[in-house]
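Asker: Attaching a single structure in structure tokens format; questions to follow.
The values are calculated or read from the model by the stated rules, or taken from the named source; none is laboratory data. Computed from a predicted model, the values in this text were never measured in an experiment. Every residue, glycine among them, receives a Cβ derived from its backbone with ideal geometry; neighbour counts consider all protein chains shown. Side chains are part of the model used for accessible areas, which takes the heavy atoms of the whole protein and leaves out ligands, DNA and RNA. Shrake-Rupley method; radii C 1.70, N 1.55, O 1.52, S 1.80 Å.
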Amino acid sequence: MFAVALTALLAFCAVVLASVPANARSAPASFADLAEKISPAVVNITTSTVIAGRTGPQGIVPEGSPFEEFFNNRPRNNGPRRSSALGSGFVISEDGFIVTNNHVIEGADEIQIEFFPGDGQPTELLNAELIGTDKNTDIALLKVDADTPLRHVPFGDSNIARVGDWVLAMGNPLGQGFSVSAGIISARNRALQGSYDDYIQTDAAINRGNSGGPLFNMDGEVIGVNTAILSPNGGSIGIGFAMSSDVVTRVVAQLKEYGETRRGWLGVRIQDIAPDMVSAIEGLENEKGALVTDVPDGPAKNAGIQAGDVILNFDGDDVEDTRGLVRRVGNTDVDKTVRVVVLRDGSRETLRVTLGRREAAEAASASGDDTPQEPDSLNILGMTLSELSDDMRQELGLSEGAAGLAVVDLDEASEASEAFSKGLRAGDVITEAGQEKLETVGDFEDRVADARDAGRTSLLLLIRRDGQPRFLALSLED
């Protein structure tokens, strides 16, 4: 009986073991072999910057003051001084190209590279040339000239990395020199604040000085560039972020070829689709897509994209949300003609758009008139309405480019006062009147005139407060 039970137990264990995926890896007994293999390609980066001396008043000590002797005898250094900073990086080619973070070298007058000792690597500090930077992804590309080919590491595919995979972080934490830490991938596709963010989150220890260093998979491939930590005290608490190699490789290739990035530009202002908007947009089945709020002069306008369109597909890929569309457009070649599928008036239309270059569009916008213009306002039906400025959008918690008219004041003696009792308040945003979208005060005047011409005594308004929509009817009677 015991033999039968034992046989059954062993058979069960065999079935369980067979069900484990063949590519699953157990925790390694040691990371020593891997660390020894990849460490020669990791570098310490030292930067120095000249800071101008103080030129303003230095303080005057009254004659006879008890502090007079102290101030007269203390050393004075009012001239320029040099400030240093530390970071990390890694070599990606034998001819000396090195990747790091932009914030490691930003503003530096001098950049020096220290190599891991041994294996024929340079033993002296080498001066590095800055090839190019990208502030959007915090990536910089450097170049050093060495007498011999340098040990380097390849990029891996961050898209196949999984939560729970082992990773190694290497760099120069807290200025302590070459150091390695191990952990796992805690999460993927994290966004911090940039439009092109795609961070790998890890619990491998990352501290100041690790910035710009590599995050390795178990094959010795770089799948991320260590960039930021989440910490209440400035030290590692196990929440670190590395920009994924899927993003970094594209940026590095452009910096290497052009010395700058060249991202595709569609030329639209967009917002995510809220759940309560699905039923209000004819033909829309779910929250996926990007709603076009404005179409300035540019590629999209030339192709016929209009405000109110919902972009469902871009260059063959379905659009999940605005972040996904921005990244997809940015990763597309400049001057490429792509198919864009939009939902308009309940029907799908396919348009062909030839993309521009985002950096050129941003430079043209920055070179324009920076003087902010006051938004137009209108006193009508006992309300003071104002077109939305960027400051007002931010104050009201609206997305960039959101359309509508802000209610800035109400006349208590008017029909708007009755509307106030129904829910209308200063600070509300009227996005539609007569079930048509509003962008200017002229649009509102037209809707009022159309309703009166049609013999209607009230106008249906769609308002938003704290992102929530609500309809109310406003009397048009004098």
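Asker: Return the only residue of Gly267, Gly324 being in contact with a strand residue (DSSP E or B) (Cβ under 9 Å, 6 or more places away or on another chain), at positive phi and at pLDDT below 95.
Answerer: The conditions single out Gly267.
Asker: I'd like to check something: does the range 160-168 contain any residue that is open to solvent by 70 Å² or more (accessible area, probe 1.4 Å) and of a type in the set (Asp, Glu)?
Answerer: Looking for residues that are open to solvent by 70 Å² or more (accessible area, probe 1.4 Å) and of a type in the set (Asp, Glu), one finds none in the range 160-168, hence no.
Asker: In the range 132-159, which residues are open to solvent by less than 50 Å² (accessible area, probe 1.4 Å), in a loop (DSSP other than H, G, I, E, B) and farther than 20 Å from Pro117 by Cα?
Answerer: Within the range 132-159, Thr137, Asp138, Gly156 meet the criteria.
Asker: Right, something else. It is to be established whether one or more residues within the range 297-305 are in contact with a Lys or Arg (Cβ under 8 Å, 6 or more places away or on another chain), closer than 16 Å to Glu400 by Cα, surrounded by 14 or more Cβ atoms within 10 Å (Cβ to Cβ) and in contact (Cβ under 8 Å) with a residue 12 or more places away in the chain.
Answerer: No, the range 297-305 has no match at all.
Asker: Do we have any residue at all in the range 298-307 that's modelled with pLDDT under 90, touching a strand residue (DSSP E or B) at 6+ places or on another chain (Cβ under 7 Å) and part of a loop (DSSP other than H, G, I, E, B)?
Answerer: Taking every residue of the range 298-307 in turn, at least one turns out to be modelled with pLDDT under 90, touching a strand residue (DSSP E or B) at 6+ places or on another chain (Cβ under 7 Å) and part of a loop (DSSP other than H, G, I, E, B).
Asker: Out of curiosity, is Gly96 under 18 Å from His152 (Cα atoms), in contact (Cβ under 8 Å) with a residue 24 or more places away in the chain and touching an Asp or Glu at 6+ places or on another chain (Cβ under 9 Å)?
Answerer: Yes, satisfied.
Asker: Same structure, new question: Of all the residues that make up the range 242-270, how many are assigned to a strand (DSSP E or B) and open to solvent by less than 20 Å² (accessible area, probe 1.4 Å)?
Answerer: Matching residues across the range 242-270 total 4.
Asker: Can I ask one more? Looking at the range 423-478, which of the residues that are charged (D, E, K, R) and over 28 Å from Ile273 (Cα atoms) is most open to solvent (accessible area, probe 1.4 Å)?
Answerer: Across the range 423-478, the extreme among qualifying residues is Asp478.
Asker: Identify the residue in the range 169-183 that is touching a helix residue (DSSP H, G or I) at 6+ places or on another chain (Cβ under 8 Å) and among the hydrophobic types (A, V, I, L, M, F, W, C) and, among all such residues, is least open to solvent (accessible area, probe 1.4 Å).
Answerer: Met170
Asker: I need a count of the residues in the range 308-327 that are touching a residue at least 40 places away in the same chain (Cβ under 8 Å), within 16 Å of the chain's Cα centre (by Cα) and not in a loop (DSSP other than H, G, I, E, B).
Answerer: Total satisfying the criteria: 5.
Asker: For residues in the range 102-131 being among the acidic types (Asp, Glu) and within 24 Å of Thr148 (Cα to Cα), which is surrounded by the most Cβ atoms within 10 Å (Cβ to Cβ)?
Answerer: Ranking the candidates gives Glu114 first.
Asker: Is it the case that some residue within the range 184-192 is buried (at least 19 other Cβ atoms within 10 Å of the Cβ) and modelled with pLDDT of 95 or more?
Answerer: For the range 184-192, residues buried (at least 19 other Cβ atoms within 10 Å of the Cβ) and modelled with pLDDT of 95 or more: present.
Asker: Another question, if that's okay. Every residue in the range 189-199 that is under 15 Å from Asn226 (Cβ atoms) and assigned to a strand (DSSP E or B), please.
Answerer: Within the range 189-199, Arg190, Tyr199 qualify.
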